[in-house]
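K.L.:
Pasting in a structure now, in structure tokens, and then I'll have a few things to ask.
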Amino acid sequence: MSQSELALKPSHWSELPNGAIIRESLEEALSPWWPRIFGYYMLNLGPLSQKIDKTNVGINRQYGLFDEPQAHIRGDYSQLPIQNVSVDAVVMNFILEFEADPYRLLREIDRVLVSGGHLIISGFNPLSPMFIGQILPKHQNEIPWNGRFFTPSRVKDWLGLLGYQVVADERLLHHHLLSEVKPDNIWSHALKSWLPSTGSVYVLVAKKLESPLTPIQAKRKVKQPNWSTAPSAGRTGHVSKSSNQP
């Protein structure tokens, strides 16, 4: 990506359409998960991840990593300046959409995350009303439609290749976000009821397994040969007629 494209990453929730509502919905969806996440260190990738509420999380030390002065650690997402297997949880809100190589970023996260650690990802769902902004020329160069949207199923496939188990998968805000989101919007309520997978924001919670979920084929039992004495074909005890004659 060019430097101009890199400048179009969201740095504040206010830079996203309906950013305050997106943040509030995301915090509500993740609130039941924070008490289940334990450890010593949490890594928040990007300023949006650092700024969301994480009440009752079981991790005391949190660090924000992004390329701005207010970050605890300044660095590149694709080359995390962190030791291998040293982080217990990673939070990543709306990052994959603006990365040149999103799978490389996931590999970097896998490198620093401990076995049993949690990865929380939120992003924009292309199979939702959000696609309207991507097909309208006046919005194509605006945040977030200037990024690349990946389907939740594709992100889950990447996580599966890296040996992660997705323990939560949720869709939020069944709205195109081009105008103000109103809680009494009948169209949004209908879409949520009839097509719940079309929420404009997806939230994934994944757990790193000790070993990948690779099915082990059952060993086939080798049937033991049933050995038996070969038939004598009448040779034993055979007496010729001539021997019985006087």
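K.L.:
Run the dipole for segment 1-130 about the Cα centre, Lys and Arg Cβ at +1, Asp and Glu Cβ at -1, nothing else charged, and hand back the magnitude in debye, nearest 20.
P.N.:
340
K.L.:
Kindly state, as a whole number, the per residue volume in cubic angstrom of the convex hull around the alpha carbon atoms of segment 24-90.
P.N.:
89
K.L.:
What list of ³J(HN,Hα) couplings, whole Hz, do you get for segment 123-131 from phi and the Karplus terms 6.51, -1.76, 1.60, once you set θ to phi - 60° and write x for glycine and proline?
P.N.:
x, 9, 8, x, 8, 7, x, 4, 5
K.L.:
If you bin every alpha carbon distance in segment 100-204 into 10 Å steps from zero, what whole percent lands in each bin?
P.N.:
So the P(r) values, bin by bin, are 14, 40, 31, 14, 1.
K.L.:
Next question, about the same structure. Could you state the number of Å between the C-alpha centres of segment 66-112 and segment 143-160?
P.N.:
For segment 143-160 versus segment 66-112, the Cα centre distance is 16 Å.
K.L.:
Using a 1.4 Å probe on the protein heavy atoms, what percent of the accessible area of segment 1-91 belongs to carbon and sulfur?
P.N.:
48
K.L.:
Below 8 Å between Cα atoms, with a sequence gap of 6+, how large is the relative contact order for segment 1-101 in percent?
P.N.:
The value is 27 percent.
K.L.:
Taking the C-alpha atoms of segment 1-159, how large are the radius of gyration and the largest Cα-Cα span, Dmax, in Å?
P.N.:
Here Rg and the maximum Cα pair distance are 15.4, 46 Å.
K.L.:
Right, another one. If I stretch the segment between D101 and F38 completely, what's the gain in nm (0.36 nm per residue apart, minus their alpha carbon distance), one decimal?
P.N.:
Here the answer is 19.7 nm.
K.L.:
What does the net charge come to around H118 if you take all other residues with beta carbon closer than 9 Å to its beta carbon, with K and R at +1 and D and E at -1?
P.N.:
Taking every other residue near H118 into account, the sum is +2.
K.L.:
Filter the cross-link list K156/K207; K51/K192; K9/K192; K9/K54 down to pairs whose alpha-carbon distance in this structure exceeds 20 Å.
P.N.:
Cα-Cα > 20 Å for K51/K192; K9/K192; K9/K54; rest within.
The values are calculated or read from the model by the stated rules, or taken from the named source; none is laboratory data. Nothing here was measured: the structure is a model prediction, and the numbers come from that model. Please note: Cβ atoms are built from the backbone with ideal geometry, for glycine as well, and neighbour counts cover all protein chains shown. Just the protein is used for accessible areas: all its heavy atoms, side chains included, with ligands, DNA and RNA removed. Shrake-Rupley method; radii C 1.70, N 1.55, O 1.52, S 1.80 Å.
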